[in-house]
Every structure is written in structure tokens, then in C-alpha cells.
1. Check off (1) free of Cβ contacts under 8 Å to residues at least 60 places away in the same chain; (2) at negative phi for GLY92 and give me the number that stays unchecked.
2. Taking the residues in the stretch 7-32 that are of a type outside the set (A, V, I, L, M) and touching a strand residue (DSSP E or B) at 6+ places or on another chain (Cβ under 7 Å) as candidates, determine which candidate is surrounded by the most Cβ atoms within 10 Å (Cβ to Cβ).
3. Which pairs do you get when a residue that is in contact (Cβ under 8 Å) with a residue 60 or more places away in the chain and over 13 Å from HIS99 (Cα atoms), found in the stretch 42-62, comes within reach of a residue that is within 9 Å of ligand 1 (Cβ to nearest atom) and of a type in the set (Val, Ile, Thr), reach meaning Cβ atoms under 8 angstrom, with the pair 6+ apart or on two chains?
4. On the given criteria, is ALA220 part of a helix (DSSP H, G or I) and surrounded by fewer than 23 Cβ atoms within 10 Å (Cβ to Cβ)?
5. List pairs: first residue in the stretch 2-16 and over 15 Å from ILE187 (Cβ atoms), second residue loosely packed, with under 13 Cβ neighbours inside 10 Å and at pLDDT below 95 anywhere in the structure, Cβ distance under 7 angstrom, at least six positions apart or on different chains.
6. Being closer than 20 Å to PHE71 by Cβ and either at pLDDT 95 or above or touching a Lys or Arg at 6+ places or on another chain (Cβ under 7 Å) (or both) narrows it down to one residue among ALA169, ALA156, ALA200; which is it?
7. Of all residues in the stretch 59-76 being more than 12 Å from ligand 1 (Cβ to nearest atom) and assigned to a strand (DSSP E or B), which is nearest to the chain's Cα centre (by Cα)?
8. So, of the residues in the stretch 26-58 that are within 12 Å of ligand 1 (Cβ to nearest atom) and β-branched (Val, Ile, Thr), which turns out to be farthest from THR225 (Cα to Cα)?
Amino acid sequence: MNWWLRRPEHRVAVAPSLLAADFTDLRADIAAMDAAGVDLLHLDVMDGHFVPNLTFGPFICAAIRRASGLFLDAHLMITHPQRYLRAFADAGVDAITVHAEADSPLPETVAAIAALGLRRGVSLNPGTPLAAVEPILDQVDLVLVMTVEPGFGGQAFDARGVEKVRRLAELRRQRQAAFAISVDGGINRETAVVCRQAGADILVSGSWFCRHADRREAAAVLRGTDHGAGD
Ligand code: DX5
Ligand code: ZN
């Protein structure tokens with residue numbers, strides 16, 4: 001079974017973005033996501049410099065670790081990720097995803113994440129070509145294709161990422177590589193269909209998923225395993 005799936009019958013993984021979680025009752029919100037059968041949690045770390053927003057760091061990730069046994073993917077939207085890898089590893093995350101656009105040499109940063117025993121993720125902003133990560137595709141466990149400009153939830157889907165997903169799926173086949181293809185930003189009922197068809201393995205969803213009263217149904221909709229449930 002692929003490492004990103006919580007259950008073998010999940011063909012596509014659902015990863016709620018905690019940016020959209022209820023931070024006034026985080027333990028309960030995470031428990032509801034867990035009960036809904038999500039596959040992993042997506043932690044949006046922002047430094048107010050790489051992106052024009054400031055969220056949380058290792059301290060909150062450690063609290064989330066205490067609240068959940070789910071796989072934690074720390075999406076570092078920060079300029080100097082190499083400075084904080086150990087801190088996030090000590091906080092208990094399972095994967096660290098760094099941006100190709102950050103001020104951090106990708107091969108060395110990815111190797112440092114591996115040296116900490118964590119899954120290695122790299123992310124591309126909508127305007128960044130795949131060429132930025134192609135040379136290291138055999139050294140990563142996850143490629144996070146941004147379908148919004150990073151920094152905020154609730155934005156409209158940027159379809160430039162769909163072709164990247166298709167191309168990554170093709171490159172994975174050609175190179176017999178094993179990385180997961182994840183998409184992040186504006187993922188809802190409609191855009192999930194497009195991303196699944198392009199070959200996405202993991203769907204990160206914040207506002208659309210967290211807005212749903214019935215999260216089990218929301219997860220099924222994103223996986224395409226609902227049966228026409230209403231929105
Ligand atoms: C944006 C974050 C995304 C975002 C997704 O910088 O990386 O994970 O929170 O939120 P929605 O699903 O609302 O676009
Ligand atoms: Zn994210």
C-alpha cells in the first residue's frame with residue numbers, strides 16, 4: 001500500500017489543511033477529521049516573509065502531534081527551511097515539504113530531511129516550472145503542486161497545476177519513481193475531479209473540506225467515492 005494512504009481501499013488520499021481548522025477547539029476538530037477517515041494532516045507553516053502571512057511553527061506542530069496519531073505533513077512556506085528542519089522533526093512531524101522557490105538548495109535540504117528520518121516533500125508555486133524539481137524527483141517522496149499562490153486559504157483554483165500533475169505522473173512512470181503527487185489550493189468537488197483525472201494521489205483541502213458539516217461525506221466526495229451526495 002502506498003505510504004500516503006491510510007487504508008488500501010483509498011485510491012486517493014485526502015489531507016485536510018489545518019489552516020482552515022477551528023483553532024479554538026483544535027483537538028476536537030482534528031478528532032473529527034480523523035473520524036471522517038482522512039489519510040493525513042497538512043500543516044501550513046508560514047513565516048510572513050516567503051508568503052505575506054504568518055501562521056504557526058514547531059510549537060503548534062508539537063501540540064498537533066500530541067492530539068493526533070495521523071501522518072503529519074509540514075508544508076513549510078518559509079524562506080529558510082533548512083534552519084528549522086530539526087525543530088520540526090523534534091516536534092514530531094512525519095514529512096517536511098519545502099518550496100523550490102525558498103532560499104535553500106533543494107538537494108541538500110531534501111537530503112537533510114531524509115537524514116532526520118522524515119519523508120521528503122518539494123513544492124512548486126503555480127508559476128514555477130517543473131524543471132525546478134525534475135533533477136531531484138528520484139530523491140523525494142512527495143511533490144506538492146500548488147494550485148493557488150501560497151499564503152492563504154479560500155482562493156480560487158489555478159489550473160496551471162493540472163498539466164504539472166499530468167507531467168509528473170508521466171515522469172514517474174518513465175523513471176519508475178515512487179513519489180506521491182499532491183495538489184494544494186482551491187480543492188473542492190469540481191477541482192478534485194480534474195486533479196484525480198490528471199493523476200493526483202493526495203488532495204489537500206482546507207476551506208471546502210472544513211466547511212462541510214459531514215466530513216466523512218466531504219472526504220468521499222474528494223475521493224470520488226460518494227454517490228452524488230449534495231454539496
Ligand atoms: C496555501 C496553503 C494551502 C491552503 C489550502 O498557502 O498551502 O494548504 O491552506 O486551503 P484551500 O483548500 O482553502 O485553498
Ligand atoms: Zn499547504
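1. Going through (1) free of Cβ contacts under 8 Å to residues at least 60 places away in the same chain; (2) at negative phi one by one, GLY92 breaks only (2).
2. PRO16
3. HIS42/VAL204
4. In short, yes.
5. PRO8/MET1
6. ALA200
7. Going through the qualifying residues, I end up with LEU72.
8. Filtering first and then ranking leaves VAL51.
The values are calculated or read from the model by the stated rules, or taken from the named source; none is laboratory data. Just so we're clear, the structure is a prediction, and the values are computed from it rather than from any experiment. In this analysis, Cβ positions are derived from the backbone assuming ideal geometry, glycine residues included, and neighbour counts consider all displayed protein chains.
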